[in-house]
Amino acid sequence: MPLDLQTRLKSQWALVLAVAVGAFATWFAFRYARQPILEQDAFRQTLTALTSYWMIEEGWSFSYQTPVVGYPWKLPFEFPLYQSVVALVAWAGQWPLEPVGRLVSFGFLLGCAWPAAAIATRLKVPRETTWIFCALVWSSPLYLFWGRTFLIETTAVFFTLAAMAFALDLREPFPRWQSAFAFALFASLAMLQKNVTAAPALMVMALVAIGTHVRRDARFSWRQSPVLAVFLVPVAIGLAWTWYTDSIKAGHFFGRLWTSREALALYVGSFSDRLDLKAARDLILERIVAQNAGGIIGMMVVAAGLLVAERRTRGIIAICIVLFFVPITLFFPQHVKWDYYPASCVVFLLGAIALSLVALGRKGGSAHVLVLIATTLIVGLNSWHFRIGYWNDATRNISAESSNRTLLVADAIRRHTPQDSAIVVFGLSWSSEVAFYSQRKALTVEEPLEAYIEQQNFRNLLGGKQLGAIAFLSSRNRERYNRIVQKYSDESTSGLFDGGGWYIWLPNVASLRLADGRQLFPVDQIN
């Protein structure tokens, strides 16, 4: 092989690999962009989409609407940054909401290349580190699948990485005000978008920045005060938003159950949760390392990096590992429960692998060839795990014509209820699936609240809106459900229809043709 070609291959292979992986990820994201947002965790995807939909329909507000659990319809959680971008793009282009939401999420995932490159520059690590990192992230099943769903995860990761790049500037003896401002901006956006993603990373970066100053000056002095103050800005903004949302939720019968005080216990869990070694093993070794980080190969690479890399690089790798473990340790129950949650921190594990690979490749001789092989192998393993796992969910047929329950019920509601009416949904916890796809404001009842809701007048819980339909997506409490139907079936033409395991009550509807072709006629009661 000619020397100049060999040199170019040695320097450019990481870029070529990253471009190839990114091209496939982009094809995949566009190819399945119109897939209904019901493939996994439809509860969370449709809850996010619901906010964007009503922004388009009724305008933007700090106390934004999430009309899924009754009146008042305002139930804010995170600051709706991602939701607002999606709503704006969909409104401006007159495009369908679901593909826009998917592609905006994917755009933030691709955009992570910019803060990754900025971090690499500030750390003075070789340029190929960025491209190896991107190849690992974009091939990871976790990001390849969840990075094109209707969720806030990649937006939060993007702003967190951007904040970290400027946080590295704050290690300088006299940081520039531009860097301080940029850090405060991106860190605040990250905290507002998803504080459980941003807070652990910013906490570690604050310790790194302050530690650098203390080590340089041999003590904590007034010179570190401005740096500390800059780190407190996003914390203060995040706390202010939490206080504001708590005040809104306190006025909602359901929202009171989800104020920050109530949610904190759920998110953090107990000490005994962290002693569940089986759950920890399944999460870290099976779901994360084996499927997204090359398994034993990736761990051997990190171990080798910690052993043979130069001291400064070893320190960076160690910090990446800390950044990976801190969110899992703090919010362990959520990482175990939700498949998408580790997206907040797996990027740092992949960063540790990328740094280790580059450090090993600098050892001379044929080391760079072994690194090329190891990187390609990890990317290949990621792709294989994606093919045997998430691929099936991402590509399966989800439609009303294929008798998807949510889409059948939502289609019936759209066609047979006034647009300004509201609906009640039982048997779906408080998921937003039917609320979003029916394009109606909803009272979706969680089972513990069903007895309470039964005693109420639905019209009071719907803010005076006309009751357009009641959907029963299970028959587990059929006696209660039959009492509810009898209570509201005061018109002679009211119809209760059995869709096969689910029921829908539609006033003034004598027969119902479902989107899958079935013709339904009224039944007497829920069986």
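Rule-based calculations on the coordinates, nothing more; no lab input. Owing to the predicted nature of the structure, the values given are computational and were not obtained by experimental measurement. FYI the Cβ positions are ideal-geometry reconstructions off the backbone, even for glycines, and counts take in every protein chain you see.
Values for this structure:
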{"quantity": "For the stretch 417-422, 3J(HN,Hα) per residue [Karplus equation, 6.51 cos²θ - 1.76 cosθ + 1.60, θ = phi - 60°, Hz, x = Gly/Pro]", "calculated": "10, x, 4, 8, 7, 10"}
{"quantity": "Segments 255-262, 61-68 sorted - mean Cβ within 10 Å per residue, highest first", "calculated": "61-68, 255-262"}
{"quantity": "Local electrostatic count, residue 31, Cβ distance below 12 Å [Lys/Arg +1, Asp/Glu -1]", "calculated": "+3"}
{"quantity": "Percentage relative contact order, the stretch 405-520, counting C-alpha pairs under 8 Å, at least six apart", "calculated": "26"}
{"quantity": "Taking the chain and dividing mean pair separation by its residue count, relative contact order in percent (alpha carbons under 8 Å, at least six apart)", "calculated": "16"}
{"quantity": "Distance from the stretch 101-173 to the stretch 371-392 (C-alpha centre basis), Å", "calculated": "19"}
{"quantity": "Listed candidates (1) 104, 52, 48; (2) 85, 58, 48; (3) 72, 59, 48 - label of the one calculated as Cα extents along the principal axes in Å", "calculated": "(2)"}
{"quantity": "Bins of 10 Å from zero: percent of alpha-carbon pairs in the stretch 405-520", "calculated": "14, 53, 32, 2"}
{"quantity": "In the stretch 22-128, the GluC sites (Glu not before Pro) that fall in loop regions by DSSP, at most 14 other Cβ within 10 Å", "calculated": "none"}
{"quantity": "Anchor residue 74: aspartates and glutamates whose Cα lies under 15 Å away (excluding residues fewer than 8 positions away in-chain)", "calculated": "57, 58, 246"}
{"quantity": "Rounded Å value of the spacing that divides the Cα centres of the stretch 179-214 and the stretch 285-313", "calculated": "25"}
{"quantity": "Under Karplus coefficients 6.51, -1.76 and 1.60, residue-wise ³J(HN,Hα) of the stretch 183-193 in Hz, glycine/proline x", "calculated": "4, 4, 5, 5, 5, 5, 4, 5, 5, 5, 6"}
{"quantity": "Around residue 149: net Lys/Arg minus Asp/Glu count, Cβ-Cβ under 9 Å", "calculated": "0"}
{"quantity": "Cβ crowding within 10 Å averaged over residues, with 89-96, 380-387 ranked highest first", "calculated": "380-387, 89-96"}
{"quantity": "Fraction of antiparallel bridges per DSSP, the chain only, in percent to nearest 5", "calculated": "50"}
